[in-house]
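Each reported figure results from applying straightforward, stated rules to the coordinates on display, with no laboratory input. All of these numbers come straight from a predicted model, not from anything done at the bench. Reconstructed Cβ throughout: ideal geometry from the backbone, glycine too, with neighbour counts over all protein chains shown.
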2 protein chains.
Amino acid sequence: MRQPIGVIDSGVGGLTVARELMRQLPKEKFIYLGDTQRCPYGPRPKEQVKRYTWQMVHYLLEKDIKMLIVACNTATAYTLQELQSTLSIPVIGVIEPGARAAIKSSQNKQIGVIGTEGTISSEAYPRTLKAIDHSISVDGLACPPFVPMIENGILSGNEAEKIVAETLQPLKNKNEMDTLILGCTHYPLIKHLVQTEMGPAIQVISSGEETAREASLILAYHGLLEQGNILPTHEFYTTGNMEKFRNIANRWFEAPIQILERVNLDTKQSSAN
Amino acid sequence: MRQPIGVIDSGVGGLTVARELMRQLPKEKFIYLGDTQRCPYGPRPKEQVKRYTWQMVHYLLEKDIKMLIVACNTATAYTLQELQSTLSIPVIGVIEPGARAAIKSSQNKQIGVIGTEGTISSEAYPRTLKAIDHSISVDGLACPPFVPMIENGILSGNEAEKIVAETLQPLKNKNEMDTLILGCTHYPLIKHLVQTEMGPAIQVISSGEETAREASLILAYHGLLEQGNILPTHEFYTTGNMEKFRNIANRWFEAPIQILERVNLDTKQSSAN
């Protein structure tokens with residue numbers, strides 16, 4: 001019996017992580033749950049984010065997942081440790097993989113991070129980086145225009161280039177960084193624009209790619225890699241508008257997504273308790 | 001009490017892995033053991049490689065290591081699974097990290113691997129790659145001139161360029177690969193030459209960098225990361241000639257190595273058993 005891997009996110013951003021998971025682990029079946037109804041998590045109080053995240057986790061645990069990917073920076077920052085110490089399955093977040101990849105990549109230990117206001121002000125990336133190497137210098141920059149731009153499908157062209165250039169300006173003047181972490185799951189969709197703006201000398205790290213890479217290691221490490229060669233059919237669940245979710249997913253994935261259902265986590269929780 | 005991380009290799013090649021481990025995990029203390037007396041392992045029978053590897057492992061276990069890095073492709077291919085299922089500490093080899101990094105990097109699923117005769121003929125890399133994604137196509141090439149060239153300190157200049165160009169020629173004519181794994185721990189020292197020869201479109205993967213990255217994840221995953229900020233003093237042990245070992249190590253590391261001792265694993269094993 002093939003056991004799926006669960007992927008949770010506050011909305012659609014985690015789809016970039018799911019896409020990389022499916023690319024790097026093509027034998028694995030993934031179940032994605034996006035809490036689009038209550039998105040974004042960034043501005044919400046910590047306890048609320050924890051409660052919402054646990055609702056998603058309970059929903060996926062009933063689907064017998066063998067591993068959980070927290071594909072959301074806010075949920076990772078607030079719940080990862082608790083999930084890891086509570087659940088009996090491996091749990092992976094999106095912050096540490098990007099941080100470790102940046103440490104590997106950076107030769108001069110000057111690392112930049114861009115993300116939402118919440119992620120940058122949480123200092124989650126500097127804390128993770130400095131826990132491994134306290135001599136690393138980190139420059140963070142919140143980029144509020146990026147998420148709405150990306151969700152509106154503006155991924156190239158003059159307008160996108162102008163927004164990216166203007167938003168990244170403070171970072172370009174700041175230091176001699178050689179590595180930049182895309183600390184938001186939406187940003188890989190404009191990686192090419194960020195790379196062009198920052199120049200070829202900067203290594204741009206995409207959290208989705210790095211999270212998938214680490215998921216692959218942890219699966220192998222626990223002997224949980226899927227052995228069969230039957231192509232999986234992934235499942236997608238959203239708490240919000242299905243059409244909006246489908247439109248964005250189909251724009252971001254190479255093949256149209258097949259199974260998509262709407263779920264109500266609040267009701268589910270009340271009936272379960 | 002700071003617990004060290006053990007690194008074993010058949011000789012000096014694993015020093016490139018140790019160097020990356022020290023760079024990416026600067027708080028950790030490493031103990032390196034190179035079996036230079038009985039190097040290379042490649043041409044030896046499997047059972048002998050296993051016995052030699054276990055002798056090294058027993059030596060390091062007495063030094064209370066918290067993790068073991070098998071920084072040798074041959075020893076990884078022959079002993080990794082057994083070590084992982086026998087030892088109570090995490091064990092990491094050098095083959096899977098390079099393979100996973102290549103899967104992350106490759107967009108067209110055409111991956112090349114270069115290594116010693118033994119590593120290439122063992123098919124360890126194709127097997128690991130295809131276990132994760134059976135649609136990946138792998139071209140392997142044994143490069144026998146590289147190890148003696150590197151151990152003789154020929155790392156740049158006309159002679160080195162000529163040897164690299166001639167040796168890699170069969171690979172260049174073969175397919176449209178976009179990623180090349182350096183499947184031998186010596187090769188990172190000539191990564192620049194390989195990159196130049198293969199061209200900028202090819203992503204060259206260094207097993208040392210990737211092994212250190214995965215060691216970092218596994219330490220964090222098990223809560224084993226060193227918390228203190230006291231700079232560690234690493235220890236090096238060799239079964240062979242100390243001066244030769246020191247010369248190569250000092251050429252490869254930025255700072256001269258401090259503690260170096262010669263050990264006799266055969267005697268040790270007889271007295272222990």
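From the label point of A:Ser156, set 7 Å from Cα along Cα→Cβ, how far away are the matching label points in the other copies, in nm, ordered shortest to longest?
3.9
Count, for each residue of A:143-153, the Cβ atoms from other chains sitting within 10 Å of its Cβ, then give me the mean as a whole number.
So the per-residue partner count for this stretch is 0.
Where nothing but the Cβ of Lys and Arg (+1) and of Asp and Glu (-1) is charged, how large is the charge dipole of the stretch B:153-273 around its Cα centre, in debye to the nearest 20?
240
What ratio of Cα Rg to 2.2 N^0.38 Å holds for chain B?
Normalised Rg, Cα atoms only: 0.97.
Got the A:Lys174 label distances to the other copies yet, label 7 Å along Cα→Cβ, in nm, shortest first?
4.3
Work out the length of the dipole vector of the stretch B:96-207 about its Cα centre, built from +1 on the beta-carbon of each Lys and Arg and -1 on the beta-carbon of each Asp and Glu, and round it to the nearest 20 debye.
320
For A:Leu180, list long-range residues whose amide hydrogen, built 1.01 Å from N in the peptide plane, is under 5 Å from its own amide hydrogen.
Here A:Gly112, A:Gln203, A:Val204, A:Ile205 satisfy the definition.
Share of antiparallel DSSP beta bridges in chain B, in percent to the nearest 5?
Around 0 percent antiparallel, to the nearest 5.
If the reach is capped at under 22 angstrom between alpha carbons, list the lysines near B:Lys104, excluding any in the same chain fewer than eight residues apart.
A:Lys27, A:Lys29, A:Lys66, A:Lys104, A:Lys191, B:Lys130, B:Lys172, B:Lys174, B:Lys191
Considering only C-alpha atoms, what is the centroid distance from the stretch A:26-54 to the stretch A:193-238, in Å?
Here the answer is 18 Å between Cα centres.
From the gyration tensor of the Cα coordinates in the stretch B:54-121, what semi-axes in whole Å does the equivalent ellipsoid have, largest first, with each one equal to sqrt(5λ)?
That gives 27, 14, 9 Å for the three semi-axes.
Distance in whole Å from the A-onto-B rotation axis to the closest C-beta of chain A, together with the residue it belongs to, please.
For the rotation taking chain A to chain B, the closest Cβ gives A:Leu217, 3.
Suppose each label sits 7 Å from its Cα in the direction of the beta carbon; what would the B:Thr233-A:Gln227 distance come out to in nanometres?
Taking the simple label geometry, B:Thr233 and A:Gln227 are separated by 5.0 nm.
Could you give, in nm with one decimal, how far B:Gly228 is from each other copy of that position, shortest first, with labels 7 Å out from Cα toward Cβ?
Copy-to-copy label distances at B:Gly228, shortest first: 5.2 nm.
What are the GluC sites (Glu not before Pro) within the stretch B:54-158 that DSSP puts in a loop, where the Cβ has at most 13 other Cβ atoms within 10 Å?
Those satisfying the criteria are B:Glu62.
Could you please rank B:Ser137, A:Ser88, B:Ser85, B:Ser206, placing first whichever residue has the fewest other Cβ atoms within 10 Å of its Cβ?
By the 10 Å Cβ count, ascending, the order reads A:Ser88, B:Ser85, B:Ser137, B:Ser206.
222 nm [θ] for chain A, helices only, -39500 (n - 2.57) per DSSP H run of 4+, per residue, to 500?
Calculated from helices alone, the mean residue ellipticity at 222 nm is -14500 deg cm²/dmol.
Between A:Glu161 and B:Lys130, what FRET efficiency comes out of the Förster formula 1/(1 + (r/R0)^6) with R0 = 30 Å and r the beta carbon distance, rounded to 0.05?
About 0.15, to the nearest 0.05.
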